[in-house]
1. Pull up region 1-15, narrow it to residues that are of a type in the set (A, V, I, L, M, F, W, C) and in a loop (DSSP other than H, G, I, E, B), then point me to the one that is nearest to TYR47 (Cα to Cα).
2. Need the failing condition index for VAL52 against (1) assigned to a loop (DSSP other than H, G, I, E, B); (2) of a type outside the set (Lys, Arg); (3) in contact with a Leu (Cβ under 6 Å, 6 or more places away or on another chain), just the number.
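The values are calculated or read from the model by the stated rules, or taken from the named source; none is laboratory data. Only a predicted model underlies this, so the values are computations on that prediction, with no experimental measurement involved. Glycine also receives a Cβ, built like all others from the backbone with ideal geometry; neighbour counts cover every protein chain displayed.
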Amino acid sequence: VCYWRVIKKKGELIAKFPNGVEGHALLLQKEGFEIDFSKKNPVVVGYEANLVKLA
């Protein structure tokens, strides 16, 4: 799994990734995900539809 595809439980981006939240958002946006920047911690919109259960 590519590191930028990992998000927090509620869809929040991870600031400790390379280039911070902005870099995390950019990589996800390049893959077609929408990011909501209106909240304190930006979140991936509709992430639930793309969840994968890992064994």
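1. Going through the qualifying residues, I end up with ILE7.
2. Here VAL52 clears every test but (3).
Here's the yes/no breakdown for (1) at pLDDT 95 or above; (2) within 9 Å of the chain's Cα centre (by Cα):
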position: GLU12; (1), (2): yes, yes
position: HIS24; (1), (2): yes, yes
position: LYS30; (1), (2): yes, no
position: PHE33; (1), (2): yes, yes
position: VAL43; (1), (2): yes, yes
position: LEU54; (1), (2): no, no
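One line per residue, one yes/no per condition, for (1) surrounded by 14 or more Cβ atoms within 10 Å (Cβ to Cβ); (2) of a type outside the set (A, V, I, L, M, F, W, C):
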{"residue": "VAL1", "(1), (2)": "no, no"}
{"residue": "LEU13", "(1), (2)": "yes, no"}
{"residue": "GLY32", "(1), (2)": "no, yes"}
{"residue": "VAL43", "(1), (2)": "yes, no"}
{"residue": "TYR47", "(1), (2)": "yes, yes"}
